[in-house]
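The values are calculated or read from the model by the stated rules, or taken from the named source; none is laboratory data. Here the structure is a predicted model, which means the values were calculated and not measured. All Cβ positions, even for glycine, are placed from backbone atoms using ideal geometry, and neighbour counts span all protein chains on display. Surface areas here come from the heavy atoms of the whole protein model, side chains and all, with no ligands, DNA or RNA. Shrake-Rupley method; radii C 1.70, N 1.55, O 1.52, S 1.80 Å.
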Amino acid sequence: MSASNPDRHPLVEGPRDPEHDPGASYALDPKYVAGLTDRVLASSGETVEVRSPIDGAPLAHIPQSTDADVEEAFRRARAAQERWARTPVKERERLLLRLHDLVLDRQEEILDLIVLESGKARKHAFDEPLHIALTARYYGRTAAKHLATERRPGVIPGLTRVDVNHVPKGVVGVISPWNYPFTMALCDGLAAIAAGNAVVAKPDAQTMLSALLGHELLEQAGFPRDLWAVVAGPGSKVGTSIIARADYICFTGSTATGKLIGKQCAERLIGCSLELGGKNAMLVLADADIERAAEGATRAVFSNGGQLCVSIERLYVADAIYDRFVERFVARTQAMTLGATLAWENDMGTLISQDQLDTAVAHVEDAVAKGARVLAGGKARPDLGPFFFEPTILEGVTPEMTCFGNETFGPVVSVYRFHSEAEAVERANDGDYGLNAAIYSRDTDRARALAARIKSGTVNINEAFAATFASLDAPMGGFRQSGMGRRQGAEGLLRYTETQSVATQKLMRFSPMFGMSDEAYAKTMTASLRLLKALGRA
């Protein structure tokens with residue numbers, strides 16, 4: 001249900017006459033938007049207007065959910081989950097593979113929504129349907145293998161059988177961010193339903209339409225509608241309501257909010273996975289291919305305007321090639337095509353909001369005031385969009401500057417020289433974060449050895465971030481203040497299950513038999529333990 005008045009769709013609520021308000025020219029067809037917003041479980045009668053960061057045009061009025069709506073979402077989800085858990089895993093896999101095809105078939109529609117809601121360049125929006133198709137295909141091919149009952153060695157060979165089952169937790173709460181609104185709204189939840197759970201999702205208020213289109217595609221793929229409920233509202237209100245009812249929480253967002261959610265989950269003794277902030281580093285070694293490293297750095301820093309959890313904000317370059325690398329990196333950055341449009345040719349789009357713009361401006365102004373040098377960019381570009389900020393490269397950033405250790409989450413990077421690889425690793429490990437890193441070197445064996453010394457959940461060699469993120473069998477998550485838990489791979493699926501051990505004992509029991517005394521039983525067991533050790537038994 002949407003608003004309390006069924007004849008009034010959220011998009012057309014209130015006075016919106018383009019003749020008197022230029023911002024009232026809707027970017028999307030009202031009926032199309034209403035078909036999406038009707039998917040929000042909301043009965044408050046209240047809505048929140050959402051405008052495009054591209055030009056401020058209104059996109060929708062999003063219905064707001066109450067605590068009672070969240071309760072109803074969980075009631076429906078629990079009923080659906082009981083049935084879903086009995087659905088054969090092969091059937092779940094079939095539906096995931098169907099979703100894969102639907103996402104690829106409707107990618108242009110998906111891209112339009114993502115760009116209109118987030119303002120990112122279309123080439124960066126493409127990463128989202130690509131990632132969801134990869135995720136759906138991966139779990140559509142591997143869920144049965146990951147969830148299969150495992151045989152484990154029993155205490156007495158041949159007489160003790162142990163089976164380990166993976167039991168779904170129940171209903172998973174997914175609280176997703178705005179920066180990758182289609183990917184983050186779906187990817188974690190897909191693993192949850194593959195494992196036999198239901199989902200209650202709260203996408204970010206700024207990018208609800210992309211998430212709701214994902215909900216529509218799930219239903220079209222054949223998943224039961226109540227298996228995945230969508231609610232909307234402030235995190236402090238609706239997010240808290242979800243945490244109070246869920247059997248597990250998956251959150252992607254800031255470290256500060258992640259800590260609060262972790263505390264709330266601890267109070268209820270439920271599990272959570274938290275993918276949080278980062279101040280990610282790239283190391284460009286002396287033997288690196290300079291052109292390849294410069295190209296990779298441009299993508300690593302400026303994809304989605306730097307509003308990417310795994311984007312690079314610190315660049316450490318070997319002194320021997322520093323000047324040549326910086327020259328190429330600056331040239332590539334200055335040659336970027338900037339634009340806040342739906343077109344493919346843009347190399348970088350706009351930031352999503354005034355808050356993001358204010359942070360980027362503040363970090364750069366603070367650094368410059370304290371002596372940093374701007375090698376490229378450094379200014380807001382209102383001529384391109386209300387929240388546009390140039391791709392920016394800073395040199396001479398020092399610890400007293402705000403951007404030295406704090407995440408900007410915008411198109412701003414600091415470049416530094418290093419004189420030894422040991423120094424580079426030490427500086428990459430500075431700070432409290434550890435989400436992603438990158439190393440460029442022609443000697444990949446040496447680069448892998450260095451990667452093992454970096455405190456980061458993922459490390460990409462001769463690539464910015466996509467090699468790990470797109471390799472779905474590889475787990476992805478953070479060290480230290482960058483979070484806990486992992487998405488993707490077997491780990492990303494099994495986090496949503498409880499492990500159950502079932503032991504079947506034959507013939508002998510674990511107590512004296514045939515009139516044996518307790519002392520004789522203890523001696524017999526002791527001799528058995530010595531024998532099993534001698535035989536190499538674990």
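Whenever a residue of region 444-469 is closer than 25 Å to Phe302 by Cβ, its partners that are of a type in the set (Asp, Glu) and modelled with pLDDT of 95 or more, lying with C-beta atoms within less than 8 angstrom and at least six residues away or across chains, give the pairs Leu450/Glu421; Asn462/Asp289; Ala466/Asp127.
The set of residues from region 494-509 being open to solvent by 90 Å² or more (accessible area, probe 1.4 Å) and more than 48 Å from the chain's Cα centre (by Cα) comprises Leu507, Arg509.
The numbered conditions (1) surrounded by fewer than 19 Cβ atoms within 10 Å (Cβ to Cβ); (2) in contact with a strand residue (DSSP E or B) (Cβ under 9 Å, 6 or more places away or on another chain); (3) among the aromatic types (Phe, Trp, Tyr) are all true for Tyr180 except (1). Of the residues Ala73, Ala133, Ala60, the single one that is outside any helix (DSSP H, G or I) and either more than 26 Å from Gly239 (Cα to Cα) or open to solvent by less than 10 Å² (accessible area, probe 1.4 Å) (or both) is Ala60. With a requirement of 3 or more residues that are of a type in the set (D, E, K, R), the helices (runs of 4 or more DSSP H) lying completely within region 443-538 that satisfy it span 444-451, 518-534. Summed over region 369-385, the residues that are open to solvent by less than 60 Å² (accessible area, probe 1.4 Å) and either in contact (Cβ under 8 Å) with a residue 40 or more places away in the chain or at negative phi (or both) give a count of 7.
Of the residues making up region 107-123, just one is surrounded by fewer than 24 Cβ atoms within 10 Å (Cβ to Cβ), in contact with a helix residue (DSSP H, G or I) (Cβ under 7 Å, 6 or more places away or on another chain) and either among the basic types (Lys, Arg) or closer than 15 Å to Ile352 by Cα (or both), namely Arg122.
Among the residues of region 239-279, those that are in contact with a helix residue (DSSP H, G or I) (Cβ under 8 Å, 6 or more places away or on another chain), polar (S, T, N, Q) and within 24 Å of Ser311 (Cβ to Cβ) comprise Thr252, Thr255, Thr257, Ser273. Within the set of pairs 6+ apart or on separate chains, which have a first residue in region 323-342 that is in contact (Cβ under 8 Å) with a residue 12 or more places away in the chain, a second that is surrounded by fewer than 19 Cβ atoms within 10 Å (Cβ to Cβ) and of a type in the set (Lys, Arg), and C-beta atoms under 9 Å apart? Here the result reads Leu338/Arg381, each pair linking region 323-342 to a residue that is surrounded by fewer than 19 Cβ atoms within 10 Å (Cβ to Cβ) and of a type in the set (Lys, Arg). For region 291-331, filtered to residues that are outside any helix (DSSP H, G or I) and open to solvent by 10 Å² or more (accessible area, probe 1.4 Å), the residue that is farthest from Phe388 (Cα to Cα) is Arg314. Can you confirm whether Glu463 is acidic (Asp, Glu), open to solvent by 30 Å² or more (accessible area, probe 1.4 Å), modelled with pLDDT of 95 or more and within 19 Å of Phe251 (Cα to Cα)? No: the conditions fail for Glu463. When Ala452, Ala438, Ala447 are checked against the criterion of being modelled with pLDDT of 95 or more and open to solvent by 10 Å² or more (accessible area, probe 1.4 Å), Ala452 stands alone in meeting it. For region 218-231, a tally of residues being in contact (Cβ under 8 Å) with a residue 24 or more places away in the chain and touching a Lys or Arg at 6+ places or on another chain (Cβ under 7 Å) returns 6. Listed conditions (1) modelled with pLDDT of 95 or more; (2) on the phi < 0 side of the Ramachandran plot are all met by Lys31, apart from (1). The residue that is surrounded by the most Cβ atoms within 10 Å (Cβ to Cβ), among those in region 275-290 that are within 21 Å of the chain's Cα centre (by Cα) and charged (D, E, K, R), is Glu275.
Check region 226-244 and report whether any residue there is among the β-branched types (Val, Ile, Thr) and more than 29 Å from Tyr32 (Cα to Cα). Checked region 226-244: at least one residue is among the β-branched types (Val, Ile, Thr) and more than 29 Å from Tyr32 (Cα to Cα). The set of residues from region 145-155 being open to solvent by 30 Å² or more (accessible area, probe 1.4 Å), under 27 Å from Phe469 (Cβ atoms) and among the hydrophobic types (A, V, I, L, M, F, W, C) comprises just one member, Ala148.
For every residue, the table says whether it meets (1) crowded, with 18+ Cβ neighbours inside 10 Å; (2) assigned to a helix (DSSP H, G or I); (3) at pLDDT 95 or above; (4) of a type in the set (S, T, N, Q).
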position: Thr333; (1), (2), (3), (4): yes, yes, yes, yes
position: Met336; (1), (2), (3), (4): yes, no, yes, no
position: Asp355; (1), (2), (3), (4): no, yes, yes, no
position: Asp358; (1), (2), (3), (4): no, yes, yes, no
position: Ala362; (1), (2), (3), (4): no, yes, yes, no
position: Ala367; (1), (2), (3), (4): yes, yes, yes, no
position: Phe387; (1), (2), (3), (4): yes, no, yes, no
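Could you tell me whether Ser2 is among the hydroxyl-bearing types (Ser, Thr, Tyr) and at pLDDT below 95? It is true that Ser2 is among the hydroxyl-bearing types (Ser, Thr, Tyr) and at pLDDT below 95. Of the residues making up region 257-271, those that are part of a helix (DSSP H, G or I) and either open to solvent by 100 Å² or more (accessible area, probe 1.4 Å) or of a type in the set (Lys, Arg) (or both) are Lys259, Leu260, Lys263, Glu267, Arg268.
Residue by residue, here is whether (1) in contact (Cβ under 8 Å) with a residue 24 or more places away in the chain; (2) at negative phi; (3) of a type in the set (Asp, Glu) holds:
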| residue | (1), (2), (3) |
| --- | --- |
| Leu472 | yes, yes, no |
| Ala490 | yes, yes, no |
| Tyr496 | yes, yes, no |
| Thr504 | yes, yes, no |
| Pro512 | no, yes, no |
| Met516 | no, yes, no |
| Glu519 | no, yes, yes |
| Ala527 | no, yes, no |
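The condition of being open to solvent by less than 20 Å² (accessible area, probe 1.4 Å), in a loop (DSSP other than H, G, I, E, B) and at positive phi holds for only one of Gly233, Gly158, that being Gly233.
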